[in-house]
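Down below is the structure, laid out as structure tokens.
The values are calculated or read from the model by the stated rules, or taken from the named source; none is laboratory data. Because the structure is predicted, anything quoted here is derived from the model rather than measured. Backbone-built Cβ (ideal geometry, glycine too); neighbour counts: all protein chains shown.
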Amino acid sequence: MEFDRVGLHIEEGFALLCFESGEVLSGHGSSVLPWRFPGPTLGRLARALPAQFDVTVTIEKINESLTAEAYRVFSQVDALDLSPAYSDISVAISEDAELLARIDELPRSKRQAGFLYAAARYVGAPLQSYAEFREHLLQHWDVVERLATERTMQTNDPARLLAILPILASIDGPIALVEVGTSAGLHLNLDRYSYRYDDGPWLDPDDGPSTVRLECSTRGSVPVPTRIPEIAWRAGIELSPLDLSSDADVAWLRALLWPDHPGRQGNLDAAIAIMRQHPVPIVKGDLNDRILEVVAGAPSDATLVVVHTAMLSYVRQPEAERFVETVRGLDAVWIANELADVVPGVEHTGPTRESFSFVVARDGVPVAISHPHAAWLRWLDADETSSTADGVDVAA
Ligand SMILES: C[S@@+](CC[C@H](N)C(=O)[O-])C[C@H]1O[C@@H](n2cnc3c(N)ncnc32)[C@H](O)[C@@H]1O
């Protein structure tokens, strides 16, 4: 694929790559949309661009309706397989000049479909009919504007634990667990949930089946866990922790969850109930400011494990690089479950069969691809795993 002139715009964790033809690629951070862009990923291309291309064309000159394009792309990529309701609404919004104009008045990072739909669900907009959705949303637009200044993307999905449990279960315990970007901290109670892969047996906590019941299908040779890891100590780091005693925070958490799987909402509610019984310590602050003091509190007789899922795409590249450097310097197992190409130095270079997915990496080496909401987990073949640390391939 060759380009003469392109516009590149990366701001507040949302990236748009625009071609003179009018085509637009979008994604969080430097994520990749392989179905439209089979060559280098957006992140790698972005880094390569200044040297290779004349990056002078502004986005506005290329395409006047970036928001429309972003919603169209969201419909065809992000939501296509995950949520027919969000996908249909996104197409309609991309052709709705009045609503697009309203959306364009929101802060840029709050114009993204994921945020707008959380706000829409928060105000109770029905998703079945676009006309009713639109009418309801516009009637409550003052609340949407308020949410856009007060709230951020903080989806806390216990199901994502299914993607990292095989690694956690393979670690000699007990584990001292630190989750960075923990939102409400629901992942930190992972030993209090039940898990099942495919139609295998349920893996339950020692005291019996949990009310949180997480299941996914597997692809490839997933090392299906046979035990729930022992968590001896746990702590979270979070820019703005959600308070589960606040009705508004819980309503926002519920609204953030996509309506793509009937069991997800029930599991969220059950995890919230467990958290109220077993609260976990969450340190408020930025990952780079807090990581060293938090890990210093971990007991020395447990294996320190630092995890993050769906977090690093909200962190700018220099801060992400600093964080990764710090974590690599710790005596810890490091598990990342993030959009492709957002973890500095971690690249999944094998054939990507899944269009919108996360890369699961252990100590910087990709080991699996996961569905963003953990509906499935695919373990990588040996010839698919590679990683670059400091630009050097470290694993075949
Ligand atoms: C999309 S949520 C994911 C939450 C959880 N890890 C999960 O997968 O369910 C991302 C979280 O990272 C937090 N976050 C973003 N930037 C951060 C930073 N610089 N330091 C700490 N937390 C951050 C956000 O506030 C948000 O709660």
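Some points to look at:
- Residue list for region 135-157, restricted to those being more than 16 Å from the ligand (Cβ to nearest atom) and in contact with a helix residue (DSSP H, G or I) (Cβ under 6 Å, 6 or more places away or on another chain): LEU137, VAL144
- Some residue of region 275-295 being part of a helix (DSSP H, G or I) and farther than 30 Å from ASP331 by Cα: yes
- The number of residues in region 107-137 that are closer than 13 Å to TYR71 by Cβ and in a loop (DSSP other than H, G, I, E, B) comes to 2.
- Among residues of region 296-315 being aliphatic (A, V, I, L, M) and part of a loop (DSSP other than H, G, I, E, B), the one that is farthest from the ligand (Cβ to nearest atom) is ALA302.
- Contact map, region 176-193: residues that are assigned by TED's automatic domain parsing to the domain that holds THR211 paired with residues that are assigned to a loop (DSSP other than H, G, I, E, B) and within 6 Å of the ligand (Cβ to nearest atom), Cβ distance under 6 Å, separation 6+ or inter-chain. Pairs shown: GLY181/MET311; SER183/GLN154; SER183/ASN156; ALA184/ASN156; LEU186/ASN156.
Residue-wise test of (1) within 15 Å of the ligand (Cβ to nearest atom); (2) of a type in the set (Asp, Glu); (3) farther than 28 Å from TRP233 by Cβ; (4) modelled with pLDDT of 85 or more.
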site: VAL324; (1), (2), (3), (4): yes, no, no, yes
site: SER355; (1), (2), (3), (4): no, no, yes, no
site: TRP379; (1), (2), (3), (4): no, no, yes, yes
site: GLU384; (1), (2), (3), (4): no, yes, yes, no
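- PRO209 vs. criteria away from the ligand (no atom under 16 Å from the Cβ), touching a helix residue (DSSP H, G or I) at 6+ places or on another chain (Cβ under 6 Å), modelled with pLDDT of 95 or more and not in a strand (DSSP E or B): no
- Matching residues, region 215-262, being assigned to a strand (DSSP E or B) and either under 26 Å from LEU82 (Cβ atoms) or within 14 Å of the ligand (Cβ to nearest atom) (or both): GLU215, CYS216, SER217, THR218, ARG219, ARG234, ALA235, GLY236, ILE237, GLU238
- All conditions but one from (1) modelled with pLDDT of 95 or more; (2) near the ligand (Cβ under 9 Å from one of its atoms); (3) surrounded by fewer than 24 Cβ atoms within 10 Å (Cβ to Cβ) apply to ARG160; the one that does not is (3).
- Within region 163-192, restricting attention to residues that are among the small types (Gly, Ala, Ser) and within 15 Å of the ligand (Cβ to nearest atom), the residue that is farthest from ARG264 (Cα to Cα) is GLY181.
- Top-ranked residue in region 296-312 [being hydrophobic (A, V, I, L, M, F, W, C) and within 13 Å of LEU330 (Cα to Cα); ranked as surrounded by the fewest Cβ atoms within 10 Å (Cβ to Cβ)]: ALA296
- Only one entry in VAL365, VAL315, VAL359 is surrounded by fewer than 19 Cβ atoms within 10 Å (Cβ to Cβ), among the aliphatic types (A, V, I, L, M) and modelled with pLDDT of 85 or more, namely VAL365.
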